1. Looking at Ala245, Ala219, which is the one that is crowded, with 20+ Cβ neighbours inside 10 Å and touching a Lys or Arg at 6+ places or on another chain (Cβ under 9 Å)?
2. Out of Arg243, Arg252, report the one residue that is among the basic types (Lys, Arg) and touching a His at 6+ places or on another chain (Cβ under 9 Å).
3. Determine which member of the set Leu458, Leu429, Leu381 is over 17 Å from Leu294 (Cα atoms) and out of contact with any Cys (no Cβ under 7 Å at 6 or more places or on another chain).
4. Is it fair to say Gly434 is in the same structural domain as Ala377 (by TED's automatic domain parsing), assigned to a loop (DSSP other than H, G, I, E, B) and either surrounded by fewer than 19 Cβ atoms within 10 Å (Cβ to Cβ) or without any contact (Cβ under 8 Å) to a residue 60 or more places away in the chain (or both)?
5. Can you pull out the residues in segment 401-420 that are β-branched (Val, Ile, Thr) and either part of a helix (DSSP H, G or I) or surrounded by fewer than 17 Cβ atoms within 10 Å (Cβ to Cβ) (or both)?
6. Taking the residues in segment 290-309 that are among the polar types (S, T, N, Q) and modelled with pLDDT under 80 as candidates, determine which candidate is farthest from Phe390 (Cα to Cα).
7. Taking the residues in segment 44-76 that are closer than 30 Å to Ala400 by Cβ and of a type outside the set (A, V, I, L, M) as candidates, determine which candidate is farthest from the chain's Cα centre (by Cα).
8. When you check Ala212 against the structure, is it crowded, with 24+ Cβ neighbours inside 10 Å, farther than 27 Å from Ile246 by Cβ and of a type in the set (Gly, Ala, Ser), yes or no?
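The values are calculated or read from the model by the stated rules, or taken from the named source; none is laboratory data. Note that this is a predicted model, so its numbers are computed, not measured. Cβ: placed from backbone, ideal geometry, glycine included. Neighbour counts: every protein chain shown.
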Amino acid sequence: MSDQPREPGTPFWTTIREALQGSHRGEYTEGPIGRAILLLAVPMVLELVLESLFAVVDVFFVSRLGPDAIATVGLTESMITIVYAVAIGLSVGAMATVARRIGERDHDGAARAAVQAVILGILTSAPIALVGIVFGGSLLSLMGASDDVLQHAAFTRIMLGGNIVIVLLFLINAVFRGAGDAAVAMRVLWIASGLNIILDPCFIFGLGPFPALGVTGAAVATTTGRGIGVVVQLLVLSRGGGRVAIRPKHIRVDPAVLLAMLRLSGSAVFQILVATSSWVGVVRIVAGFGSAALASCTIAIRVVIFALLPSWGLSNAAATLVGQNLGAGKPERAEESVWRAANFNMVFLAVLGTLFVVFAPAIVSIFTHDPGVAPVATTGLRIISAGFPFYAYGYVLTQAFNGAGDTVTPTWINIGCLWLGEIPLAYVLGRIFGLGPAGAFWGVAIAFSVMSLISAALFTTGSWKSKRV
């Protein structure tokens, strides 16, 4: 790589500090591309890590209440996954639209887009909330909950009923990312996650003046933490603390912008659902080999997902740079930004993948020493990690399409490589060829590698440069 991710003469840690504090530069359409990637990616990575803490913290404290409490959180979290998919998909449209307006230096247009994103979030979350409040217990029952677990149905009702804070947290942070205010999005998650960590034990166990609500307290704490995070987001937008400032004149329904954002987000939601459901399909195949195989798959996949958080941060940075540079009429700079981010990502994941292949037994031993689980998990981690350099390009290129407003292309890529590739491959290699769980892991590695190659081939055609947002 000829360009380091910083300006010549600018110390690396100075750039990191600026990324954490929030860069004071304008749009990311000028200056060294490497430094722009770093300024955007660092807070985006931390934002993703903080978002992942919510479920971990809930399970950590609720586990003190017994297996029925843990089961309630686990079953509800599986339903909330659909909300996450919707929220992430909607955020793609919001980010792409805001980034394009910022690149065009149309700050009023960016503010109008932000308002439409909030409206879209409210309209989307309202029916989910209604269903969750009214049918929370029934949904748990459909998921196979026992009578003891159903006693904690209030947790599910609160989590689903308050899904608006999940959706808005994702959507408004996407507005900040699209505008280049990645540090603002990161700080919002600091506040929300910090409050969740503090309030969880207070509401669950009744510390100090707080009532002891048991499992329900975890839902109250999480929803409260996220809710306060949303309030902070709205205050920043209304007070003009970032690059997008909402004024009274912007607060109205704009059908044209709303429909355009909905068009982008609709296929993006489906794109995320395809990816999510493909993992479910692989897990279902592995489950057929027994509980030990399923536990092995769970460990390997959780380690991989957490390790890939920096990769997703780089991918989001590339998406912002694509949107802003296309808006500024600089498609060549947008393309160069993507390849530069992909190269950085490849180096990072190549090193990480090598470490995982070499030290897989030690990594797995952190989670289990079970002789029936550890060897299979080690094999799975090694197989999936071996393809990391390929995945690096796939993640960045997919997000680049989304950042350009082309959400249809990555959706078809996901359908072809995951539904028609990963799941059948996992079954054929695991069952028909008799490779067992290892066959399923090979199916994942091959499918994601092919997805990267197809994404690269389609990206080089340049058709994404002409997408209107």
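1. Unique residue meeting the criteria: Ala219.
2. Being among the basic types (Lys, Arg) and touching a His at 6+ places or on another chain (Cβ under 9 Å) holds for just one of Arg243, Arg252, which is Arg243.
3. Every option except Leu458 fails the conditions.
4. Spelling it out, Gly434 is indeed in the same structural domain as Ala377 (by TED's automatic domain parsing), assigned to a loop (DSSP other than H, G, I, E, B) and either surrounded by fewer than 19 Cβ atoms within 10 Å (Cβ to Cβ) or without any contact (Cβ under 8 Å) to a residue 60 or more places away in the chain (or both).
5. Selection gives Val408, Thr409, Thr411, Ile413, Ile415.
6. Ser291
7. The extreme case among them is Phe54.
8. Answer is no for this residue.
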